[in-house]
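Asks: Below is a structure I'd like to ask you about.
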Amino acid sequence: MSRFWSPLVRELVPYVPGEQPRMANQVKLNTNENPFGPSPKVIEAIRSEVGENLRLYPDPEGLKLKQALASYHGVEPGQIFLGNGSDEVLAHIFQGLFQHGEPVLFPDVTYSFYPVYCGLYGIEGRPVPLNEKFEIDVEDYSQPNGGVIFPNPNAPTGRYLPLEAVEQIIAANPDRVVVVDEAYVDFGGQTAITLVNRYPNLLVSQTLSKARSLAGLRVGFAVGHRDLIEGLERIKDSFNSYPLDRLALAGAVAAYEDEAWFEETRQAVMGERQRLTAELESLGFEVLPSKANFVFTRHPLHSGEVLSQSLREQGIIVRHFRKARIEEFLRITIGREDQNDALLKALRNILGR
Ligand code: PMP
């Protein structure tokens, strides 16, 4: 606390990101990074961007990347908004499109940055309880609101809402923006980007941090009607004209030019997810059905807190949330085969099997 802080700063409750441990040799399964690394073509593209040109500002529009994303997703470049990670995109959405004097709806168990943005921008958030299976009930999103946002698949549960149900939520809110946060959609979900030309109130956000394995590059984007994108561009150009640097733009374009790498690595993650789920179940864990690159799991006889601490003592870092409804759960990122084996071995030790 300092007397120099503005009143807003005193009130803020910031987001707490998963830890980035400074020690090597840990099996890091706590922040949903991709264990396989980016395409070699991405590294090559970034390397060739390193040079004299770095004295110049990057393209403030990021046009080449918008073109690459537009052709990949079958939309126009003018329907794409770019940001420094999808977190930045989401922040601008809250500030630019959710300020309507009515509460913004999101699930009670969801990405914990949403209430943080509400606090930052003075927006009321209304958590809508997931049902007892941790699913979104579509009817709950017909109440009056200032906007709707949910991840699909949801985080940290991994549960996926079929596209028809997503469409019902969008159709039920024609006068409000509905944001589908698709950070994890490439691990088995269907994107709602196919709906943007039919629903002018729909925004879909995605990130290169997960399936494209570029969490360190900080690139995210949103797709929607031009008018929504224009609103976001007005916020961006009142905040930071160059959110994506030259290396990020070059690497991101290259990521969409290596479809084989994308396909191979996401299939490997999904394969390991299936194996890990079965192994956890054989150890007595309950595992929620996941279409993300993580699983959300609890054991009937062992507390989440203790399990997470015991794993840490064996060099394995997973995510545990001290929050209502989910304190018995662990969120475990799908690792490489050897990492998942190390996790399973440690769990067998802990459970005495
Ligand atoms: N949405 C969800 C649901 C997430 O879990 C994350 C990752 N923490 C993000 C958005 C933001 O990812 P990034 O800023 O790396 O694009």
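Asks: Using the Cβ atoms and a cut-off under 10 Å, what net charge is assigned to the surroundings of Asn30, where Lys and Arg are +1 and Asp and Glu are -1?
Replies: Net local charge, Asn30 excluded: +2.
Asks: Anything in the chain that counts as a DSSP H helix reaching 20 Å or more along its axis (C-alpha) with Kyte-Doolittle mean of at least -0.5? List them, would you? Could you put the intermediate results ahead of the total?
Replies: Working: long enough: 259-282 (35 Å, -0.96); 337-351 (21 Å, -0.41).
Once both thresholds are applied, what remains is 337-351.
Asks: Now, a different point. Straight-line reach from Lys133: which lysines have Cα under 24 Å away, leaving out those fewer than 8 places along the same chain?
Replies: Reachable lysines: Lys291, Lys323.
Asks: Another one. For the chain, what is the percent of antiparallel DSSP beta bridges, rounded to the nearest 5?
Replies: Of the beta bridges lying entirely in the chain, close to 50 percent run antiparallel.
Asks: In deg cm²/dmol and to the nearest 500, what is the mean residue ellipticity at 222 nm of the chain if only DSSP H runs of at least 4 residues count, each as -39500 (n - 2.57), divided by the residue total?
Replies: Result for the chain: -11000 deg cm²/dmol, rounded to the nearest 500.
Asks: Can you return the lysines within cross-link range of Lys66? Criterion is Cα-Cα under 17 Å, with same-chain partners fewer than 8 residues away left out.
Replies: Counting by Cα, and skipping residues close in sequence, Lys66 has these lysines nearby: Lys236.
Asks: Now for a separate question. Residue farthest toward the positive end of the dipole of the chain, with Cβ of Lys/Arg at +1 and Asp/Glu at -1: which of Asn32, Leu161, Val177?
Replies: My answer, from the dipole projection, is Asn32.
Asks: Along the charge dipole of the chain, Cβ charges K/R +1 and D/E -1, which of Gln67, Tyr114, Val148 sits furthest on the positive end?
Replies: Tyr114
Asks: Right, next: Please state the charge dipole magnitude for the range 143-258, taken about the Cα centre, from unit charges on C-beta atoms (+1 on K and R, -1 on D and E), reported in debye and rounded to the nearest 20.
Replies: Computed charge dipole of the range 143-258: roughly 200 debye.
Asks: OK, next. Projecting each Cα onto the charge dipole of the range 40-258 (Lys/Arg +1, Asp/Glu -1 at the beta carbon, about the Cα centre), which of Val219, Thr194, Gly51 comes out farthest on the positive side?
Replies: Value: Gly51.
Asks: Post the alpha-carbon centroid distance, the range 219-275 to the range 89-137, in whole angstrom.
Replies: Cα centroid to Cα centroid, the span is 22 Å.
Asks: Follow-up. Given charges of +1 on the Cβ of Lys and Arg and -1 on the Cβ of Asp and Glu, with all other atoms neutral, how large is the dipole of the range 40-258 about its Cα centre, in debye to the nearest 20?
Replies: Value, rounded to 20: 500 debye.
Asks: For the range 19-66 and the range 167-199, write down the distance between their C-alpha centroids in whole Å.
Replies: Computed from Cα coordinates, the inter-centre distance equals 27 Å.
Asks: Further question: With every protein chain present, what is the per residue accessible area of the chain (1.4 Å probe, Å²)?
Replies: Value for the chain: 46 Å² per residue.
Asks: Give me the percent of the accessible area of the chain that comes from carbon and sulfur atoms, probe 1.4 Å, all protein chains in place.
Replies: 51 percent
Asks: If you consider only alpha-carbon coordinates, what radius of gyration and Dmax does the range 40-258 have, in Å?
Replies: Rg then Dmax for the range 40-258, in Å: 17.1, 57.
Asks: Okay, moving on. For Ala45, what charge total do you get from the other residues with a beta carbon under 13 Å from its beta carbon, if Lys and Arg give +1 and Asp and Glu give -1?
Replies: Here the count lands on +1.
The values are calculated or read from the model by the stated rules, or taken from the named source; none is laboratory data. Source: prediction; values computed, not measured. All Cβ positions, even for glycine, are placed from backbone atoms using ideal geometry, and neighbour counts span all protein chains on display. When the accessible area is computed, the model is the full protein with side chains, heavy atoms only, and any ligands, DNA or RNA have been set aside. Shrake-Rupley method; radii C 1.70, N 1.55, O 1.52, S 1.80 Å.
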